[in-house]
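Undergrad: Below is a structure I'd like to ask you about.
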Amino acid sequence: MKHWLFRVAILGCILPAVAGPIAPAGAAGLNVGWAASTAENTCPTSAGSLADKTSTCLSNSSASVAIGSVIAPASLSKVTAEEIVVDVQDTGTATNPGVLSDWWHYEANACRGQQGATTPSLAFTAFFDPVNDEGACINYWQTGASGGSSYAPGLNGQNRGRISAVFAIAGASAGAFTPGSEYYVFRMSVDNRHTVTGPVPVCDGCSDGVCIVFQSVKFDQPPGTTGGDVTVNGAGTRQFVTWQGGSGDCTVVPVHRGTWGRVKSLYR
């Protein structure tokens, strides 16, 4: 199945329409929270999950981890993949408001993005090691999902960046979600490299107030499955988290994107 990862580049193509039914309001919902530690899978509705994360921005070491989850809708009997959209919204600084700062640019060749052999400071996965699981969310994906993500700045405003991702398991491993139960969806790690003098470049913006909004997840099922693919885009307990207070615009933006049909055909 790994051969299809090379085609994840099409995630950067923003195409119209989302296929599949939308989960009815109140029947399902999205949650996100900062994990208690970089090692732990902290369910967003757990007491240890945080709504805001602060940093002194005085070090290039360590990282912060945000975890997304879903209160499962009905009609998910054979889940093979998930398609995720998460937005980053930067308030900017007093001298440079309304702009996505360098610290939050993770695209290729950007200040904290992929540069040759240097990996980006953003890692976005569906990897949930059961050894580090605190147990409140159901760990459906565990360590078996393959996939990838893309980061696109400037969508819906110059102060925003969008993460689009898809993760999948083999069709033979597909299982059901229990309606109303909470499941892990994504794990987002933001490290502190390029914050202060040391690794070049040094990227400004760590101290900016930022909102991170979990916009939607679409669960894919094999063709002919009752209920088809199902999208969840409403709030559960908390649909966004903040960084450094994040006092700016934390609104949910409607998602218009493709279904990545060619990617899904490789694992169905």
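Each reported figure results from applying straightforward, stated rules to the coordinates on display, with no laboratory input. Computed from a prediction, not measured in an experiment: that's the story for all the values here. Neighbour counts run over all protein chains shown; Cβ positions are idealised from the backbone, glycine included.
Undergrad: Calculate one ³J(HN,Hα) per residue across region 159-168 by plugging θ = phi - 60° into the Karplus curve 6.51 cos²θ - 1.76 cosθ + 1.60, and present them in order as whole Hz with x for glycine and proline.
TA: 9, 10, x, 10, 9, 10, 9, 9, 10, 9
Undergrad: Whole-Hz Karplus ³J(HN,Hα) for region 229-243, in order, using 6.51 cos²θ - 1.76 cosθ + 1.60 and θ = phi - 60°, x for Gly and Pro?
TA: Values per residue, Gly and Pro as x: 6, 10, 9, 10, 9, x, 7, x, 7, 8, 8, 9, 10, 10, 10 Hz.
Undergrad: Set the Förster radius R0 to 35 Å, insert the Cβ-Cβ distance between residue 52 and residue 172 as r into 1/(1 + (r/R0)^6), and round the FRET efficiency to 0.05.
TA: Taking R0 as 35 Å, the efficiency between residue 52 and residue 172 is 0.25.
Undergrad: To continue, here is another question. Whose amide H sits under 5 Å from the amide H of residue 52, counting only residues 5 or more places off or on another chain, with H placed in the peptide plane?
TA: 242
Undergrad: Would you mind calculating the gained length between residue 45 and residue 108 on full extension (0.36 nm times residue separation, minus the Cα-Cα distance), in nm to one decimal?
TA: 19.4 nm
Undergrad: Between residue 62 and residue 132, what is 0.36 nm times their sequence separation minus the Cα-Cα distance? Round to one decimal in nm.
TA: Going from the current span to full extension adds 23.4 nm.
Undergrad: So for the pair residue 77, residue 37, with labels modelled 7 Å out along Cα→Cβ, what separation do we get in nm?
TA: About 4.2 nm, to one decimal.
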